[in-house]
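The numbers here are math on the coordinates, done by the rules we state, and not lab data. This one's a predicted model, so the numbers in the text were calculated from it and none came from an experiment. For neighbour counting, all protein chains shown are included, and Cβ atoms are generated from backbone atoms with ideal geometry for every residue, glycine included.
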Amino acid sequence: MAYDEKTLQALISGELPWAEMKDIMSGTKDPERFGGILKILQSMVSFPEKILLPLTPHLFIVQKGPERIVKCDCGYEFGDYRTNWKYFSRVRVRDSEESLKALYHPDQGVDPEWMELREFYCPGCFCLLETEAVPPGYPVLFDFQPDLDTFYRVWLKEHLD
Ligand SMILES: [Zn+2]
């Protein structure tokens, strides 16, 4: 089913009532929705580069000349999308009992011997972009590396057929 721009806007901003969102999630997928979502996201950012794919609520893969880079909605550029953008972010590591206690209830049994919490911030706007809870010393997670060419080839093909 196709949804109007107002509904998609509410979906993106998290203002859509659960019942309506559940219908969208469990309903037949609308092939036009991806294009509609991209259009709305593009209208929400102030940079001119074309959004190819949203990564998080604040990060996008965009086409900048011949390059595909990760860009924050504030305009900060993290570089090639195939390199983990987290390496270019500001990081706060909560690896002490005191720093973890600020977030977790003592009954939750968070132990800095077993876990550290990494917070990744945008160097441009200091927005919290992502967190990861991992064993101390665990490699930085690379959340998502899409196969953009295949995705667009398949998506465009479905749209042209
Ligand atoms: Zn930013």
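Under a point spin-label approximation (7 Å from Cα along Cα-to-Cβ), what is the residue 19-residue 152 distance to one decimal in nm?
My value for the distance between the label points is 4.1 nm.
Note the full-extension length gain between residue 4 and residue 50 as 0.36 nm times their separation in residues minus their Cα-Cα distance, in nm to one decimal. Walk me through the intermediate numbers first.
Numbers: separation 46, 0.36 × 46 = 16.56 nm, distance 2.18 nm.
Result for the pair: 14.4 nm of gain on full extension.
Between residue 131 and residue 32, with labels modelled 7 Å along Cα→Cβ, what's the label distance in nm to one decimal, could you check?
Each label point lies 7 Å from its Cα, and together they span 3.9 nm.
Exposure proxy check: 44, 21 ranked by fewest other beta carbons within 10 Å? Provide the component values of the computation, followed by the final result.
On the way: 44 12, 21 15.
By the 10 Å Cβ count, ascending: 44, 21.
Under 8 Å for C-alpha pairs, at least 6 residues apart: give me the relative contact order for the range 25-74, rounded to a whole percent. Don't jump to the answer; show the numbers that get you there.
Values: 50 pairs, mean separation 12.1, N = 50.
After rounding, I find 24 percent.
Ratio of the range 1-63's C-alpha Rg to 2.2 N^0.38 Å, to two decimals?
Numbers: Rg = 12.2 Å, N = 63, 2.2 N^0.38 = 10.6 Å.
Normalised Rg, Cα atoms only: 1.15.
Please sort 118-131, 143-156 by packing, taking for each peptide the average over its residues of neighbouring beta carbons within 10 angstrom, highest first.
Working: 118-131: 16.1, 143-156: 11.8.
My ranking of the peptides, most packed first, is 118-131, 143-156.
Enumerate the calculated ³J(HN,Hα) couplings along the range 141-148 in order (Karplus 6.51 cos²θ - 1.76 cosθ + 1.60, θ = phi - 60°), each rounded to whole Hz, writing x wherever the residue is Gly or Pro.
Rounded to whole hertz, the list is 6, 9, 5, 7, 10, x, 8, 4.
Counting helices only, and only those DSSP H runs with n ≥ 4, report the 222 nm mean residue ellipticity of the chain as the sum of -39,500 (n - 2.57) divided by its residues, in deg cm²/dmol to the nearest 500. Intermediate values should be presented prior to the final figure.
Numbers: 5 runs with 48 residues, N = 161.
My calculation for the chain gives -8500 deg cm²/dmol from helical runs alone.
If I take all pairs of Cα atoms in the range 1-116, what percentage of them are more than 24 Å from each other?
50 percent
Starting at the first residue of the range 7-15, write each ³J(HN,Hα) from the Karplus equation 6.51 cos²θ - 1.76 cosθ + 1.60 with θ = phi - 60°, in whole Hz, x for Gly and Pro.
My calculation for the range 7-15 gives 5, 5, 4, 5, 5, 5, 7, x, 9 Hz in order.
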